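Here is the structure we will look at, set down as structure tokens.
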Amino acid sequence: MRFIDTHAHMYSSQFEEDIDEAMDRAIVTGIDRILLPNVDSESMASLHKLCDQYPKNCFPMMGLHPCSVKENYKDELELAKAQFGQRKYIAVGEIGIDMHWDKSTLPWQQEAFREQIAWAKEMDLPIVIHARESFDEIFEILDEVNDTSLRGVFHCFTGDLTQAKRIMAYGGFMMGIGGVLTYKNSGLKELLPHLPIDHLILETDSPYLAPVPFRGKRNESSYLLQVAIEMSKAFDRPIGEIADITTENAIHLFRLHD
């Protein structure tokens with residue numbers, strides 16, 4: 001079986017001491033492609049370093065995370081956009097809106113989100129959306145800008161069926177399913193059977209949101225297998241099918257066959 005971890009911060013400082021071992025564990029487990037979202041200017045060097053170390057396994061995205069949208073966000077956006085002329089990226093991400101930590105920056109977050117969506121359209125790249133307590137704010141913008149050229153994923157999807165249907169109605173969007181699926185009271189186990197599997201991809205969001213039985217510990221890409229096992233139970237389908245379908249979904253969305 002082969003899997004793709006479509007969202008992992010494996011370049012995080014939490015892996016400074018054992019990144020090679022963590023990468024080996026992922027590859028041995030069958031997670032041989034890992035997609036890495038950027039956060040801001042401070043994460044770029046470590047992101048690029050890991051991709052250069054593992055060019056066959058790690059694929060970079062570029063964008064400005066909503067939690068990093070501060071007073072200097074215009075400078076950060078300029079720096080991020082300039083990176084697209086330096087190397088190949090598979091997506092504009094991680095972008096979006098976060099209403100959990102600092103609601104006062106919402107106008108800046110909205111402007112940054114719109115601008116980065118425009119980049120994605122211009123470069124024909126998918127967007128990777130961070131949506132924390134912000135579905136309504138994100139839907140408002142997508143309702144304005146969505147067209148047949150826009151595609152992407154709502155990473156770490158934890159919404160309800162109504163929100164899932166609205167995402168699928170946009171036409172080019174998928175939902176990223178990670179460790180939260182394994183949490184007892186998340187509601188995702190009950191929701192998943194009501195969703196078409198061709199709209200789902202797997203992710204870890206490592207080093208965050210480790211699945212059961214590793215919850216509370218540092219997450220890593222090898223733990224994607226636990227998410228896949230839980231998804232196979234939810235759909236009552238063999239894990240091999242889960243691997244094949246979600247991998248093909250990711251290849252299609254991010255055009256990894258190019």
Size of electric dipole in the chain: Cβ of Lys, Arg +1 and of Asp, Glu -1, about Cα centre, debye, nearest 20: 500
Local electrostatic count, Gly96, Cβ distance below 12 Å [Lys/Arg +1, Asp/Glu -1]: -2
Restricting to DSSP H runs of at least four residues, report the calculated mean residue ellipticity at 222 nm for the chain, -39500 (n - 2.57) per run over all residues, nearest 500 deg cm²/dmol. -12000 deg cm²/dmol
Globularity index of region 106-258, i.e. its alpha-carbon radius of gyration over 2.2 N^0.38 Å: 1.04
Classify region 1-56 from the C-alpha gyration tensor, please: rounded if a/c falls under 1.5, else prolate or oblate depending on whether a/b exceeds b/c. prolate
Set of region 180-210 residues, backbone N closer than 18 Å to the point 7 Å along the Cα-Cβ line of Asp160: 185-195
Full-extension gain between Asp20 and Ile141, please, as 0.36 nm times their residue separation minus the C-alpha to C-alpha distance. 39.6 nm
Need one number: % antiparallel among DSSP beta bridges in the chain, to the nearest 5. 0
Hey, any idea what Rg/Rh is for the chain, computing Rh the Kirkwood way over Cα pairs? 0.93
Förster-model FRET efficiency, 30 Å R0, Lys184 and Glu241, C-beta, rounded to 0.05: 0.75
Span-like helix ranges in the chain, DSSP H, alpha carbon extent 24 angstrom or more, Kyte mean at least -1.0: 106-123
What number do you get for region 43-90 when its Cα radius of gyration is normalised by 2.2 N^0.38 Å, N = residues? 1.22
Mean-square fluctuation check for the chain, GNM, Cα pairs under 10 Å: which of Gln83, Gln116, Gln226 is largest? Gln83
Calculated FRET efficiency for the pair Tyr208/Gln53, C-beta based, R₀ 30 Å, to 0.05: 0.85
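Rule-based calculations on the coordinates, nothing more; no lab input. Just so you know, these numbers come straight off a predicted model, no measurement behind them. No Cβ is skipped: glycine too gets one built from the backbone with ideal geometry, and neighbour counts run over all protein chains shown.
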